[in-house]
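Report on the structure given below.
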Amino acid sequence: MHAGRARITAAAGAAALAAAAALAGGAAHADEGEDPRPCRSDDFRVTEVDRGAAAGTMYVEFGLDRTGDGDPCLMSDRFGVHWTDVPGGDRVGEWARYSEEIRDPWVVPGDGRALLTMARPDPGNFDPGDCGEVLTATGITVYQEFHGDPGVHGELSAPVRVCELEAGAPSMSVSPDG
């Protein structure tokens, strides 16, 4: 991870945790009367649910389906995502960038889902010097936590071609399902 990306990621994580703490002090509560805990990577299974394309950009939508204990958790829209060479493999291309302003966290029910959309610009949109090598991704890794998180891995239904360099970095957004 580049030092600049690490600072941005850490700052976004701190802002998201502060927003989560503010929201948790409000009306969102777990069944036992306690505030929901922050979501972790192991709370989810990642599955591709849809694909589309417009104006030289491919959109791949993933379901972040809850697994585990069934307790609700508090989802932030700030976490790490990247393509991989195989599911659970090495990073391919750049880390995804956030495509929206920071939103308040929301509660994902124990049997719920969040939707993650990755927007991948076509490598052909870039000068080869700006794109670098065109690489093939067959998976994705999502990191809910910023330190020591092994992430959760998902497989793509078909390979995706991505730029090696920053100019072709994907963008991502996450939202509640429904």
Does any residue of segment 116-134 turn out to be of a type in the set (F, W, Y), in contact with a Lys or Arg (Cβ under 7 Å, 6 or more places away or on another chain) and farther than 19 Å from D42 by Cα? no
Reported set for segment 152-168 where residues are surrounded by fewer than 20 Cβ atoms within 10 Å (Cβ to Cβ) and outside any strand (DSSP E or B) is E164, L165, E166, A167
Of the residues in segment 66-110 that are hydroxyl-bearing (S, T, Y) and under 25 Å from D122 (Cβ atoms), the one that is least open to solvent (accessible area, probe 1.4 Å) is T84
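Find the residue count for segment 135-149, including only residues that are surrounded by 16 or more Cβ atoms within 10 Å (Cβ to Cβ) and either part of a loop (DSSP other than H, G, I, E, B) or of a type outside the set (S, T, Y) (or both).
Of the residues in segment 135-149, 9 are surrounded by 16 or more Cβ atoms within 10 Å (Cβ to Cβ) and either part of a loop (DSSP other than H, G, I, E, B) or of a type outside the set (S, T, Y) (or both).
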Residue count for segment 75-130, restricted to those that are closer than 20 Å to G56 by Cβ, among the small types (G, A, S) and in contact (Cβ under 8 Å) with a residue 40 or more places away in the chain: 5
Evaluate segment 141-153: report whether one residue or more is under 14 Å from the mean Cα position of the chain (by Cα) and farther than 28 Å from D35 by Cα. no
So which residues in segment 54-65 are in a strand (DSSP E or B), surrounded by fewer than 21 Cβ atoms within 10 Å (Cβ to Cβ) and in contact (Cβ under 8 Å) with a residue 40 or more places away in the chain? T57, M58, Y59, E61, G63, D65
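The values are calculated or read from the model by the stated rules, or taken from the named source; none is laboratory data. Bear in mind the structure is a predicted one, so any value in this text is a computation, not a measurement. Neighbour counts run over all protein chains shown; Cβ positions are idealised from the backbone, glycine included. We work out accessible area using only protein heavy atoms, side chains counted, and drop any ligands, DNA or RNA first. Shrake-Rupley method; radii C 1.70, N 1.55, O 1.52, S 1.80 Å.
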